[in-house]
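> Handing you a structure now.
The values are calculated or read from the model by the stated rules, or taken from the named source; none is laboratory data. This one's a predicted model, so the numbers in the text were calculated from it and none came from an experiment. Cβ sites come from the backbone with ideal geometry, for glycine too, and all protein chains shown count toward neighbours.
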There are 2 protein chains.
Amino acid sequence: MSNYSSYQSMLRKIADIQYASAVLNWDQETYMPSKGATFRAQQLSTLAGIGHELATSKELGKLLHLLSTDNSLSEKEKRNIKQSLKTFNENKKYTTEFVQELSKTISETFQAWHKAKADNNFAVYAPHLEKLVTLKREESKLLGDFAHPYDALLNQFEPGLKTADLEVLFTDVREQLVTFVKKIAAKPQNNDAFMYLYYDREMQWDLGLNLLKQMGFDFESGRQDASSHPFTTNFSPEDVRITTRINEQDINEMIWSCIHEGGHALYEQGLPSEEYGMPSSEYISLGIHESQSRLWENNVGRSLQYWKANYPKLQDAFPENLKSVSVQSFYKAMNIVKPSLIRTSADELTYHFHVLIRFEIEKALIEGLIEVKDLPSYWNLKYKEYLGIEVPDDSSGVLQDIHWSHGSFGYFPTYSLGSFYAAQFWVQAKKEIEELENEIEKGNMKPLLDWLREKVHRHGKFYSAEELCIEITGEKLNFKYFMDYASIKYSKLYDL
Amino acid sequence: MSNYSSYQSMLRKIADIQYASAVLNWDQETYMPSKGATFRAQQLSTLAGIGHELATSKELGKLLHLLSTDNSLSEKEKRNIKQSLKTFNENKKYTTEFVQELSKTISETFQAWHKAKADNNFAVYAPHLEKLVTLKREESKLLGDFAHPYDALLNQFEPGLKTADLEVLFTDVREQLVTFVKKIAAKPQNNDAFMYLYYDREMQWDLGLNLLKQMGFDFESGRQDASSHPFTTNFSPEDVRITTRINEQDINEMIWSCIHEGGHALYEQGLPSEEYGMPSSEYISLGIHESQSRLWENNVGRSLQYWKANYPKLQDAFPENLKSVSVQSFYKAMNIVKPSLIRTSADELTYHFHVLIRFEIEKALIEGLIEVKDLPSYWNLKYKEYLGIEVPDDSSGVLQDIHWSHGSFGYFPTYSLGSFYAAQFWVQAKKEIEELENEIEKGNMKPLLDWLREKVHRHGKFYSAEELCIEITGEKLNFKYFMDYASIKYSKLYDL
């Protein structure tokens, strides 16, 4: 066996363990009965420990060092080795005990969050979250060598991203987007009462599957289930799972979670399965992942063209609610801009204020400027400041999101990055794909999916996020594209 | 850490891996999309390899040898060590490569079986099954030291059981049961046409959950899903999964699979969770496991008392089908004895002819007297011989059961053992539980469940099957109890 083949088989074994954990996690969030939690936490911790031992083994280290000077490798192989060596060196900073402790704490915190959210009781969650935050601070220290302690955590989701970069970016958000949203607020609001009539669960479910099919989601390589927080996970590019959440009193939840998670899923299904386990079969970063979900959700899904193709199906399914509502009214209703309490149901502009708030909180938390016990009041203060709204209870406030219970600190900013990348890619897609918007209006999503497969999906981790953005659009991430998109679309919608 | 604690933590780690595999298997049979199969096979194979390495590690071997002479241990601890040492020595006979090859071949054969059964095409399945049979013959050899090569495989499911014992037992089945069933066949048959009217899927589902709840199934420690072949699996005593299969044209499938798998599940939920990973938290043997499902399914579920408690619910759910059918007629219909094609829907008497056939086929296959290619014709011949029926196609013939695709050779005989143990336990339960049948008629299953918890479940693997049987009933397994049960019940039903 060549060195490269040995390396491949080691990486595949590590991937097998990680994907097995993903199955256990998926089950935990979809089907697992409540009392299953304790032993599940232990099982996940054991798998995490074994995965970590394999990922930091001497054998792998030796091979990687040998291969890193092997000039006979192809360019793709070289990039795989470079990426794997980077991951290896990062993993080496952790002890197996730390990895297992983190895994177990995450499972327990996740269970506590569920209960706390259901009972509107932050106190149930707080001690677990405290333990987790302590571990994350520790993790940031042991990763070392970063200008800001939060950088180490950001780097896990968006390699290379710095707190300083985000501060510049969010200054733009604050200055440009806040001003723009204020202009909108001065205008009369559109009607969206019909979005909140009774929409039958089963009918919604079938419609969601129909939208996914139209996007090109391959149901032989994936499926959709229900969970309390929609998510995408995968166990290989040939088994991609998404979840949705259906609210019979609000058609929005199903629509946006289906299209959003569908966009994530198309990226996973488009990664080369023959490279299973290799960096060349992995997504680049969460920002790029989110660019795929946001492009489908916002640039496609919140467009008039998309609903010209799909609104008749919706009207057929719910004639009592929608027969007298025109597609234009539906389009306006789904694009209402208005500060609101819940991030996942926010409009595509004020959405970024939610992310901004979490960025500021996380930074302060990791720096140690605030503590877990201060979170509810700090949260409520920020919502008043940026969104002008009172938070009525913790369930719809600080407890609304699952991420912290997963130990995902440094994750939220990638949501905004995703939207900004999406806007920049979208401009390029419209340039390169003939009659793109007409095709969407005809319900033909294939040209767009083909373009994304070609430009993004098939490359795995060959490019960094920055390289990919330059490769596709000729320049680095530029907030201007998002602001232009927002300003053209919403000036028309709100007659600015 | 004491030696015993070190041993416990090693066993728990092995259990974590095995239960993680169980989650992947459960998903494979319930929700996994078709293309997920290839990488799932690889992931399961990796987990099997890691599990095997841990289960045969030098460290564990050393500890077990030390502990096996430690007189300070309690009786339960000593039995755990004895059992673990036995398992360790058996595991040592396998190489990791063999375990991984077997795991991968099983996943592939399972997929092929699914396709072959759906398409009625044995040829799709045959090459995979051939590979698997070759591996099982090899396994029988490497396990060595058995009077008959089939003994080695039996021993995996029913420790201590011998081919020679089964030959004696099945001679009784042939002589006594065949004669008895012939007497029944001479009598006029009861009507069961109303069992095959239209029964709505959702209504059936809800009824099934209701029956499970009444039995004492804890839905916080388990759940039911749908699969093509009903089964029970567990990821700890606090997460027990069962599946059912619903046929809208036949109410029997749901009823019997719910009660049967429910019986298995109650055993798993009754194992002591504080002993997770230890033999003291494991079931004794498949025969004893099956005694729990059969006792609930047949001795309880096919009794008039049980339906006096539950038939009104069924009538309420399906008035069009059942309003003019009395509980006596329903009881007679569910106990029709008649040779049939499909094992899982056979009556409780001819059922054992199905097992007998599989026993004879497996024995011949493992001995090398027949080959995989001969299976369909051999199968059809046996069905003609023992059940007097023509097999119309392989899907309802040799392809009907999942077990061989799982590599489970030596498994079927435990189904008959289970019924025979159940009959023997049932006699004892009626002696020891006051008014047992009256309590069942009132829908109160608690006294029976408490008795099973006390007599069977809580002990884990402390006793062997034979020891347990003696402990509970004062004697070894005795076919007489089953024959008595059958003869009293069916003489009344068929007016013999």
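Here's the yes/no breakdown for (1) over 23 Å from A:S408 (Cβ atoms); (2) in contact with a Phe, Trp or Tyr (Cβ under 9 Å, 6 or more places away or on another chain):
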| residue | (1), (2) |
| --- | --- |
| A:V23 | no, yes |
| A:I50 | no, no |
| A:E59 | yes, no |
| A:H65 | yes, no |
| A:E77 | yes, yes |
| A:F88 | no, no |
| A:Y94 | no, no |
| A:T105 | no, no |
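> State the number of residues belonging to region A:1-35 that are hydroxyl-bearing (S, T, Y) and outside any helix (DSSP H, G or I). Even if it seems obvious, please write down each step before you answer.
We begin by selecting, within region A:1-35, every residue hydroxyl-bearing (S, T, Y); these are A:2, A:4-7, A:9, A:19, A:21, A:30-31, A:34.
Filter again for outside any helix (DSSP H, G or I), leaving A:2, A:31.
Residues that pass the stated criteria total 2.
> Given (1) within 14 Å of chain A (Cβ to nearest Cβ); (2) in contact with a helix residue (DSSP H, G or I) (Cβ under 6 Å, 6 or more places away or on another chain); (3) not acidic (D, E), where does B:P230 come up short, assuming only one miss?
Going through the list (1) within 14 Å of chain A (Cβ to nearest Cβ); (2) in contact with a helix residue (DSSP H, G or I) (Cβ under 6 Å, 6 or more places away or on another chain); (3) not acidic (D, E), B:P230 breaks only (1).
Table: residues versus (1) among the small types (G, A, S); (2) buried (at least 20 other Cβ atoms within 10 Å of the Cβ); (3) under 24 Å from the mean Cα position of the chain (by Cα).
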residue	(1), (2), (3)
A:T95	no, no, no
A:E101	no, no, no
A:S107	yes, yes, yes
A:F110	no, yes, yes
A:F122	no, yes, no
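> Which condition does A:N89 not pass, out of (1) under 23 Å from B:P237 (Cβ atoms); (2) without any contact (Cβ under 8 Å) to a residue 40 or more places away in the chain; (3) within 26 Å of the chain's Cα centre (by Cα); (4) in a helix (DSSP H, G or I), if it passes all the others?
All conditions pass for A:N89, except number (1).
For (1) charged (D, E, K, R); (2) within 25 Å of B:I336 (Cβ to Cβ), each residue gets a yes or a no:
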site: B:M215; (1), (2): no, yes
site: B:S227; (1), (2): no, no
site: B:N234; (1), (2): no, no
site: B:I255; (1), (2): no, yes
site: B:E261; (1), (2): yes, yes
site: B:L271; (1), (2): no, no
site: B:E290; (1), (2): yes, yes
site: B:A309; (1), (2): no, yes
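> If a residue has to be within 11 Å of chain B (Cβ to nearest Cβ) and part of a strand (DSSP E or B) to count, how many in region A:210-227 make the cut?
Summing the residues that are within 11 Å of chain B (Cβ to nearest Cβ) and part of a strand (DSSP E or B) in region A:210-227 gives 4.
> State yes or no: is B:L369 in the same structural domain as B:H229 (by TED's automatic domain parsing), without any contact (Cβ under 8 Å) to a residue 12 or more places away in the chain and hydrophobic (A, V, I, L, M, F, W, C)?
Against the criterion (in the same structural domain as B:H229 (by TED's automatic domain parsing), without any contact (Cβ under 8 Å) to a residue 12 or more places away in the chain and hydrophobic (A, V, I, L, M, F, W, C)), B:L369 qualifies.
> Looking at region A:77-92, can you tell me whether even one residue there is among the hydroxyl-bearing types (S, T, Y) and under 22 Å from A:P272 (Cα atoms)?
yes
> Here's a follow-up. What are the residue pairs meeting all of these: first residue in region B:467-496, first residue surrounded by 13 or more Cβ atoms within 10 Å (Cβ to Cβ), second residue of a type in the set (D, E), Cβ atoms under 6 Å, and 6 or more apart or on different chains?
Hits for this filter: B:F479/B:D172.
> Tell me yes or no: at least one residue of region A:178-189 is in contact with an Asp or Glu (Cβ under 7 Å, 6 or more places away or on another chain), more than 30 Å from B:A41 (Cβ to Cβ) and either in the same structural domain as A:Q400 (by TED's automatic domain parsing) or among the aliphatic types (A, V, I, L, M) (or both).
Restricting attention to region A:178-189, the residues satisfying the condition of being in contact with an Asp or Glu (Cβ under 7 Å, 6 or more places away or on another chain) are A:187.
Narrowing further to those that are more than 30 Å from B:A41 (Cβ to Cβ): A:187.
Narrowing the set further to residues that are either in the same structural domain as A:Q400 (by TED's automatic domain parsing) or among the aliphatic types (A, V, I, L, M) (or both) leaves A:187.
Taking every residue of region A:178-189 in turn, at least one turns out to be in contact with an Asp or Glu (Cβ under 7 Å, 6 or more places away or on another chain), more than 30 Å from B:A41 (Cβ to Cβ) and either in the same structural domain as A:Q400 (by TED's automatic domain parsing) or among the aliphatic types (A, V, I, L, M) (or both).
> So for region A:195-213 (the condition being within 29 Å of A:E268 (Cβ to Cβ), among the basic types (K, R) and either at pLDDT below 95 or not assigned by TED's automatic domain parsing to the domain that holds A:K323 (or both)), does at least one residue qualify? Lay out the reasoning, then the answer.
Of region A:195-213, the ones within 29 Å of A:E268 (Cβ to Cβ) are A:199, A:201-213.
Still in the list and also among the basic types (K, R): A:201, A:213.
Next, only the ones that are either at pLDDT below 95 or not assigned by TED's automatic domain parsing to the domain that holds A:K323 (or both) stay: A:201, A:213.
Scanning region A:195-213, I find at least one residue that is within 29 Å of A:E268 (Cβ to Cβ), among the basic types (K, R) and either at pLDDT below 95 or not assigned by TED's automatic domain parsing to the domain that holds A:K323 (or both), so the answer is yes.
> If I filter region B:155-192 down to residues being charged (D, E, K, R) and over 30 Å from B:Q83 (Cα atoms), which single residue comes out as surrounded by the most Cβ atoms within 10 Å (Cβ to Cβ)?
That would be B:D192.
> Where in region A:134-193 are the helices (runs of 4 or more DSSP H), entirely inside, with at least 1 residues that are more than 23 Å from the chain's Cα centre (by Cα)?
Here the list reads A:178-185.
> Can you find, within region B:8-25, the residue that is nearest to B:S273 (Cα to Cα) among those that are within 8 Å of another protein chain (Cβ to nearest Cβ) and touching a strand residue (DSSP E or B) at 6+ places or on another chain (Cβ under 7 Å)?
Looking at the filtered set, the residue picked out is B:Y19.
> Is it true that some residue in region A:112-120 is modelled with pLDDT under 95 and either within 28 Å of A:S281 (Cα to Cα) or within 14 Å of chain B (Cβ to nearest Cβ) (or both)?
yes
> Only one of B:A429, B:A422 is of a type in the set (A, V, I, L, M, F, W, C) and either buried (at least 24 other Cβ atoms within 10 Å of the Cβ) or not assigned by TED's automatic domain parsing to the domain that holds B:I288 (or both); which?
Numbers: B:A429 fails: either buried (at least 24 other Cβ atoms within 10 Å of the Cβ) or not assigned by TED's automatic domain parsing to the domain that holds B:I288 (or both).
Unique residue meeting the criteria: B:A422.
> Here's another thing I want to ask about it. Where residues in region B:233-253 are acidic (D, E) and away from chain A (no Cβ under 12 Å), which of them is farthest from B:T344 (Cα to Cα)?
So in region B:233-253, the residues acidic (D, E) come out as B:238-239, B:248, B:250, B:253.
With the extra rule that they be away from chain A (no Cβ under 12 Å), the set shrinks to B:248, B:250, B:253.
Values: B:E248: 17, B:D250: 13, B:E253: 8 Å.
Filtering region B:233-253 for residues that are acidic (D, E) and away from chain A (no Cβ under 12 Å), the one farthest from B:T344 (Cα to Cα) comes out as B:E248.
> What number of residues within region B:359-383 satisfy the criterion of being surrounded by fewer than 22 Cβ atoms within 10 Å (Cβ to Cβ) and under 20 Å from B:Q176 (Cβ atoms)?
Count: 2.
> Return the only residue of B:V337, B:V355 being farther than 27 Å from B:A152 by Cα and β-branched (V, I, T).
B:V337
> As an exercise: evaluate A:H264 against (1) within 22 Å of A:A20 (Cβ to Cβ); (2) surrounded by fewer than 23 Cβ atoms within 10 Å (Cβ to Cβ); (3) more than 14 Å from every other protein chain (Cβ to nearest Cβ); (4) not aromatic (F, W, Y) and give the number of the one condition it does not meet.
Among (1) within 22 Å of A:A20 (Cβ to Cβ); (2) surrounded by fewer than 23 Cβ atoms within 10 Å (Cβ to Cβ); (3) more than 14 Å from every other protein chain (Cβ to nearest Cβ); (4) not aromatic (F, W, Y), A:H264 violates only (2).
> Just to be sure I understand, how many residues within region A:34-73 are more than 15 Å from A:N89 (Cα to Cα), surrounded by fewer than 15 Cβ atoms within 10 Å (Cβ to Cβ) and away from every other protein chain (no Cβ under 14 Å)?
4
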